[in-house]
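Report on one structure; see the data block that follows.
The values are calculated or read from the model by the stated rules, or taken from the named source; none is laboratory data. Remember, it's a predicted structure, so these values are computed and weren't measured experimentally. Don't worry about glycine lacking a Cβ; one is built from the backbone with ideal geometry, like all the others, and counts go over all protein chains shown.
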Amino acid sequence: MSTIARSPANAPVPGPAPAASGATPTILSLLIPAVGGQGGGVLSEWLVDAALIDGFPVHGTSIPGVAQRTGSTTYYVELYSERGAEEPVFSLYPVPGALDVLLAPEFLEVGRMIELGFVSPSRTTVIASTHRLLSIHEKIATGRAIYPQEGLQRAAETAARRLVAFDALTQAREHGTEANAVLLGAMAGAGVLPISDEAYRKAIERKNVAVASNLAGFELGKRLVLSVAAAGGDSGEAPSLATALARGASPESLPADMRTGIEAMPARVRDIVVRGVHRLVDYQDLAYAREYLAELRAFVPSAAASETQVETLAVVARYLALWMSYEDAVRVADLKTRSSRFARIRESARAGNATVVVTDYLKPDLDEIWGVLPDRLVRPFARWAERRWPHGRPTLGQHVRTTTISGFLRVWLLARLKPLRRISYRAREERTRITRWLTAVRTAMAQDAALGVEVARAGQLVKGYGDVRRRMMGVHEHILAAALRAAAREAGRGAGAPVATALATRLRQLVLAGPDSEVLVAEVATTVLARLESGDAAGALETARAR
C-alpha cells in the first residue's frame, strides 16, 4: 500500500470553495477502483494535486491488486472541505456505506463496489464509464458469461444517490484523448468536490503528461456531464452488443437472390441471417454465403409454424454461421495483414509518423498446418498423426515481424490460399461434422420440436482452437449421440421425447459450467440411457433434470 498525505504549504487561497461555501466542513471520501492500464494512479494524483492547489488538506492511498484475478487496484482519497484548515485525522481505507464519490473507469467495477457495500443510496455519487473490459472469469467461461450491462445499470441506479454514467472510453478515442482525463472532467462537471476547475487544469499541467490531450479530455468530460444534466438526466445509455454487431450488416448490399432468400425467413431471424451472410462473404465469398442460405432453407417453417420451430431456425442460423467461419491459418493470416489492423495499432499506440514495429507470435500445431493443404494430399498422414498424438499435436513456434517486407509477404501469401480452402483437409472435416449436426437437428425436430431446439443449441459448444476445439468437438459429438439414442428409445410413445430433451439440455449445461466436464457428461449420459433402456423412463427423466 502506498500513501500520499499532504497539507497545503501556503496560506488559504482567497475565495469560497465551490461546493463548500456555507456548509459545515467535513471529510469527503472518494474511491477509484481500476485495473492495470486504465490510468487510475494518474487520476488519483490529479485529484490530490488539484486539492492542494486549491488549499484543501488531502490524503491519498492506493492498494494494488493483481489485475482482475484477486481484485482491482483501489485508489482512495480523502479531502477536508475547509481551505487551509489544520489537517484532520484521515483514514487509510474506505468504509462501506460512507463513500461520497465512486469514480469508476470501467462499469463492472461499479457492480463490484456495490457488492462490497461501499455505495450508499443516501450518500454516494457514482461517476462511471459504461464501457466494459471483460474480466478473467468472463473470458475463460465455456459458455456466455458476460455480466449483463442492463443489470449493472439497474443496480447502479438503485444503489447510488446519483449516477453519472457514459462511455468515456469511446468519447476519449473519438477525440484523441484518454478516458481518465474525461472522467476527471465529468467529476468537475458533476460538482461533487469543492475543487475549482482551474485547480484541476493546473494539476494536469503540473503532472506534465500529454498536457494538451488531457486538458482536452478534461474539458470534454465536463462538457458532456453539463450537457446531459441540462437535458434532465445523468445516465448515458451504452450501446448494446446487438447494435455493435449490426453495424455494416445491411441486406441492401447483397445480390437480389440472396435478399429474396433472406426475406423468405421469419422476421425474427432475418437480422441474424443478414449478419451471418456478411460474415461468410468476408470469410470466403458469395458462393459460400449462398451455401449457408441453402442449408437454412431446410429449417424454414411454414406460415403456421410454432414459436419453437422459429427458435430452432434462429439457433441454427447463428451457430451455423459461426461454425462455417472457423478460424484456420488462412483466416488468421487474412486478419493479420489487413490494412485496418495496422491502422488500428498505429492509432492505439498514438504513434503519429513514428515507425511502428509489429511482431506476431504464432504457434500452429500439425492440425492447423495440414488443415490448409488439399484433402487428398494430407488425409493419410493426418489419420496417422491423430493416432500418434491423440491428446496434443507438435507445434511450430515462430515470431513473424509483419511490418517488414519479408514478414508481411510470408503471412500475406498464406492468406492468398483462400480460394483453395474449399478443397482443404480442414474444410472437408468441418463440412462432415456440420452435416452430421444438421442431420441430427432435423431428425430431432421430426420427433419433438423441443428436442430439435436443444440439439441445435449443441452447436454452441463448437469453439476454441487446437486441443480445446478437439475436446469440445468430442463432447459435442457425444451429446448428439446420447440425445438421439435416448430419442430413439422414446419413439412411438406418443409423448414427444422429454427424456432426450432434458438429457441434451443437462449435458450442454454441464459443459458450459466449466472445463474438464467430459467425465461428468459421460457419467450422466450413461446413467440416463441405462435407466431408459431398462424401462425406467420416470427415473431417467428425473436423473436428466437433476442439478
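Checking the conditions here, which among Ser306, Ser302 is over 24 Å from Ser250 (Cα atoms), in contact (Cβ under 8 Å) with a residue 12 or more places away in the chain and outside the structural domain of Leu409 (by TED's automatic domain parsing)? Only one candidate passes the filter, namely Ser306. In the range 328-385, counting only helices (runs of 4 or more DSSP H) that sit wholly within it, the ones holding 1 or more residues that are of a type in the set (Phe, Trp, Tyr) span 339-349, 366-370. The number of residues in the range 123-181 that are touching a Lys or Arg at 6+ places or on another chain (Cβ under 7 Å), at pLDDT 90 or above and not in a strand (DSSP E or B) comes to 3. Residues that are under 20 Å from the mean Cα position of the chain (by Cα) and hydrophobic (A, V, I, L, M, F, W, C) were ranked within the range 67-112; the one that is modelled with the lowest pLDDT is Ala67.
The rows are residues; the columns are (1) modelled with pLDDT under 90; (2) over 30 Å from Asp365 (Cα atoms).
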residue	(1), (2)
Arg469	yes, no
Met473	no, no
His476	no, no
Leu480	no, no
Ala483	no, yes
Arg493	yes, yes
Gly496	yes, yes
Gln509	yes, no
Val519	yes, no
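Set side by side, the residues Arg144, Arg173 differ, and just one is outside the structural domain of Arg469 (by TED's automatic domain parsing), within 30 Å of Thr505 (Cα to Cα) and within 19 Å of the chain's Cα centre (by Cα), which is Arg144. If you check Leu286, Leu280 for being in contact (Cβ under 8 Å) with a residue 24 or more places away in the chain, among the hydrophobic types (A, V, I, L, M, F, W, C) and within 20 Å of Gln460 (Cα to Cα), only one passes: Leu280.
From the list Ala449, Ala495, Ala522, the one residue that fits, being in contact (Cβ under 8 Å) with a residue 40 or more places away in the chain and either under 26 Å from the mean Cα position of the chain (by Cα) or over 30 Å from Arg393 (Cα atoms) (or both), is Ala449. Take the conditions β-branched (Val, Ile, Thr), surrounded by fewer than 14 Cβ atoms within 10 Å (Cβ to Cβ) and over 30 Å from Val356 (Cβ atoms) and apply them to Ile405. Does it pass? Considered against the rule, which asks whether it is β-branched (Val, Ile, Thr), surrounded by fewer than 14 Cβ atoms within 10 Å (Cβ to Cβ) and over 30 Å from Val356 (Cβ atoms), Ile405 comes out as no. Answer yes or no: is there a residue in the range 458-476 that is free of Cβ contacts under 8 Å to residues at least 60 places away in the same chain, part of a helix (DSSP H, G or I) and acidic (Asp, Glu). The answer is no; no qualifying residue exists. If we scan the range 441-457, do we find a residue that is surrounded by fewer than 18 Cβ atoms within 10 Å (Cβ to Cβ), not in a helix (DSSP H, G or I) and not acidic (Asp, Glu)? The answer is no, given that none of the residues of the range 441-457 is surrounded by fewer than 18 Cβ atoms within 10 Å (Cβ to Cβ), not in a helix (DSSP H, G or I) and not acidic (Asp, Glu).
Please work out which one of (1) surrounded by fewer than 18 Cβ atoms within 10 Å (Cβ to Cβ); (2) under 30 Å from Gly459 (Cβ atoms); (3) of a type outside the set (S, T, N, Q) is the condition Gly117 fails and give its number. Of (1) surrounded by fewer than 18 Cβ atoms within 10 Å (Cβ to Cβ); (2) under 30 Å from Gly459 (Cβ atoms); (3) of a type outside the set (S, T, N, Q), only one is false for Gly117: (2).
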